[in-house]
Amino acid sequence: MSGTYLGMPAFPEAARTAVRDTTLRGNLRHATHTIRDKRARAVAELDDWAELREAGRRIKDHTLRHLDRYLMRVEEAVTAAGGTVHWAADADEANAIVARLVEETGEREVVKVKSMATQEIGLNEALEAVGIHAYETDLAELIVQLGKDRPSHILVPAIHRNRGEIRDIFRSEMSEWGRPAPQGLTDTPAELAEAARLHLREKFLRAKVGISGANFVVAETGTLVVVESEGNGRMCLTLPETLISVVGIEKIVPSWQDLEVFLQTLPRSSTAERMNPYTSMWTGTTDEDGPRTFHLVLLDNGRTDTLADEVGRQALRCIRCSACLNVCPVYERAGGHAYGSVYPGPIGAILSPQLRGTGSEIDASLPYASSLCGACYEVCPVAIDIPEVLVHLRERVVQGGPAVRRGNRVVLRPAKGHAAERAAMRAAQWAFAHPGALRTGQRLASRTRRLHPRTLPGPGRAWSGTRDLPRVPAEPFRDWWQRTRGGKDGAK
């Protein structure tokens, strides 16, 4: 398992393998259609959904513009409440901080509440390297960990598994990690949930260290917020003596009033619920309740580089609801593993290449993992224009150009394998800049249209192999307009 999956094949190659897996496609189709239909009904209950969506967008944009100020406010508030704040510039630094904090407790086991940030940095593997075992407690994350698998969805990491597969994983693997699965375990949801509950209960009662993420951090009080549906997270947050929270710097909201907006939009967009069954909040430490020691690790890992991009920074608005995955026709067919990142789907296609750069083959291919249909933008509760960012990143991959990496302004080289695309775009740019040449080309295309092939040659076969080439009209639009005076002569 790895949080970044660098070294995986580019998206087209990985997706080509995934679409041939009929079981995977069936699992994904059933799950995504069910979730998105429930979400549509939950959103339709709110007459002011559009206003909430716009409010969420504005709150996030305001916070990102003034992120330096709100980060300092978080540090002051958490420290005043008895916590300790650590700053991590990248994954290696964050992993080193967490490993040191765990080692200082003398413990060799930790329990975790679902955190995409820790998956992003590969924390489990880093802890394992120093002899510390991390146990996932979210049901879906437990399935992924027991199956030696990788998450494939933001909200439902084991969405690619069906009940029969989960039963088999529990039967064969649970005993290696702790309490074994009950004898005669079937694939009914109630029995699978009970097996997971019994397995995890002994880990909760034994653990002295918990590791969490956070959905939000309220700057004015330094309060962290985790929303979930199972209650396992609350066990992780309250039972251990030491709590370590690894949180991306973009998770900050200025005030409790701002938080109220997201507590309406997040559950409806993710689990299609009016509110999450468990909303846990903690501010520093107290002598009477919860962990005695609290550490907050604020993670950058490419976020300030992303913030420097005026178009791409809107990806940092993401509240990890997964609505974009559930409506994406590409994700539905290819699944999450093809994206080679802990962040799959449309949001992963714009977030991962910015956090990690476009230097690897997989990251250079992600901006193309979309049909640009726009369904992701329509359902996003914070109005991230994912198609706009995808086109922006495609231009960066093909043309290169200025960017920020590790806080330094650099000029990126064009990615390999896009020479033909660059040539085509330059030719189109020249043609549109010379109207006379454009008209001549259009007329020539119309007069020779009977000679046009039905499929494209060379690399173009990949496009026309599954699509009909549009037929060239008998005459260009401008010629038709001049001939008919814009249709006034009654021509059709």
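Over all pairs of different C-alpha atoms, the range 158-267 has a mean inverse distance whose reciprocal, the Kirkwood radius, equals 16.3 Å.
Each label was represented as a point 7 Å from its Cα along the Cα-to-Cβ direction; for L205 and R108 these points are 2.2 nm apart. Database note for the chain: Cys without another Cys beta carbon under 4.7 angstrom, C236, C318, C321, C328, C373, C380.
Of the solvent-accessible surface of the range 376-492, computed with a 1.4 Å probe over protein heavy atoms with every protein chain present, carbon and sulfur atoms account for 56 percent. Evaluating 6.51 cos²θ - 1.76 cosθ + 1.60 at θ = phi - 60° for every residue in the range 108-114, the Karplus couplings come out as 10, 9, 9, 10, 10, 9, 2 Hz, glycine and proline recorded as x. Taking 0.36 nm per residue of separation and subtracting the Cα-Cα distance, what length does fully extending R443 through R69 add? Working it through step by step, the gained length comes to 128.7 nm. Take the Cα radius of gyration of the range 1-158 and divide it by 2.2 N^0.38 Å, N being the number of residues; the result is 1.33.
Normalised by the number of residues in the chain, what is the relative contact order in percent for Cα pairs under 8 Å and 6+ residues apart? Over the chain, the number comes to 19 percent.
Applying 1/(1 + (r/R0)^6) with R0 = 25 Å to the Cβ-Cβ distance of V311 and A462 gives a FRET efficiency near 0.35. Among the protein heavy atoms of the range 246-308, carbon and sulfur supply 46% of the accessible surface, probe 1.4 Å, non-protein parts ignored.
Once you keep just the Cα pairs under 8 angstrom separated by 6 or more residues, what percentage relative contact order results for the range 357-492?
Details: 89 pairs, mean separation 18.1, N = 136.
Worked out over the range 357-492, it gives 13 percent.
Over the range 153-208, the reciprocal of the mean inverse Cα-Cα separation, the Kirkwood hydrodynamic radius, stands at 12.0 Å. Output needed: percent of Cα pairs per 5 Å distance bin for the range 356-474, bins running from 0 to the one holding the longest distance. The calculated distribution, bin by bin, is 2, 9, 12, 15, 19, 16, 13, 8, 4, 2, 0, 0. When GluC sites (Glu not before Pro) are flagged only if DSSP places them in a loop and at most 10 other Cβ atoms lie within 10 Å, the longest unflagged stretch of the chain comes out as 46-287.
Volume per residue of the convex hull around the Cα atoms, evaluated for the range 202-331, comes out as 141 Å³. Across the range 377-385, rounded Karplus estimates of 3J(HN,Hα) from the backbone phi angles (6.51 cos²θ - 1.76 cosθ + 1.60, θ = phi - 60°) give 5, 5, 9, 5, x, 10, 6, 6, 7 Hz, Gly and Pro being marked x.
For the range 23-96, rounded, prolate or oblate, judged on the Cα gyration tensor with a ≥ b ≥ c (square roots of eigenvalues), a/c < 1.5 rounded, else prolate if a/b > b/c? It comes out oblate by the Cα gyration axes. Using the 1.4 Å probe convention, the accessible area of the range 231-378 works out to 32 Å² per residue with neighbouring protein chains retained. So the label point goes 7 Å from the Cα of A474 along Cα→C-beta, right? Which residues of the range 431-450 then have their backbone N under 13 Å from it? Once the point is set 7 Å along Cα→Cβ of A474, 447 turn out to lie under 13 Å by backbone N, inside the range 431-450. Binning the alpha carbon pair distances of the range 89-174 at 5 angstrom intervals from zero yields the distribution 3, 14, 24, 22, 17, 12, 6, 3, 0, expressed in whole percent.
The residue among F216, V227, L205 whose Cα reaches farthest toward the positive pole of the charge dipole of the range 131-267, with charges on the beta-carbon of Lys, Arg, Asp and Glu, is L205. Computed with a 1.4 Å probe over protein heavy atoms only, the accessible surface of the range 151-214 comes to 46 Å² per residue.
On a per residue basis, the range 53-126 carries 43 Å² of accessible surface, using protein heavy atoms and a 1.4 Å probe.
Out of the DSSP beta bridges found with both residues in the chain, what percent are antiparallel (nearest 5)?
On the way: 13 of 37 bridges.
Counting only bridges with both partners in the chain, antiparallel ones make up about 35 percent.
Can you give the FRET efficiency for L372 and D187, using 1/(1 + (r/R0)^6), R0 = 25 Å, r = Cβ-Cβ distance, to the nearest 0.05? The computed FRET efficiency comes out at 0.05. Built from the Cα atoms of the range 280-387, the convex hull projects on average onto 8.4 nm², one quarter of its surface area. Pairs of Cα atoms nearer than 8 Å and 6+ residues apart set the relative contact order; for the range 80-171 it is 21 percent.
Determine the share of the range 57-140's accessible area contributed by carbon and sulfur atoms, expressed in whole percent, with a 1.4 angstrom probe. Let's see the in-between values first.
Details: 1800 of 3540 Å².
Result for the range 57-140: 51 percent of the exposed heavy-atom area is carbon or sulfur.
Taking the Cβ-Cβ separation of D287 and E51 as r and a Förster radius of 35 Å, what is the calculated FRET efficiency to the nearest 0.05? Efficiency for this residue pair is about 0.25.
Filter the trypsin sites (Lys or Arg not before Pro) in the range 147-188 down to the DSSP loop ones having no more than 12 other Cβ atoms within 10 Å, then list what survives. Answer in residue order: K148. With no solvent and one point per C-alpha, what does the Debye sum give as log10 I(q)/I(0) for the chain at q = 0.05 Å⁻¹? The calculated log intensity ratios at q = 0.05 Å⁻¹ are -0.23.
The values are calculated or read from the model by the stated rules, or taken from the named source; none is laboratory data. Small disclaimer: the values here were computed from a predicted structure and weren't measured. When we count neighbours, we look across all protein chains shown, and the Cβ atoms used for this are built from the backbone with ideal geometry, even at glycine. SASA here: full protein model, heavy atoms, side chains in, ligands and nucleic acids out. Shrake-Rupley method; radii C 1.70, N 1.55, O 1.52, S 1.80 Å.
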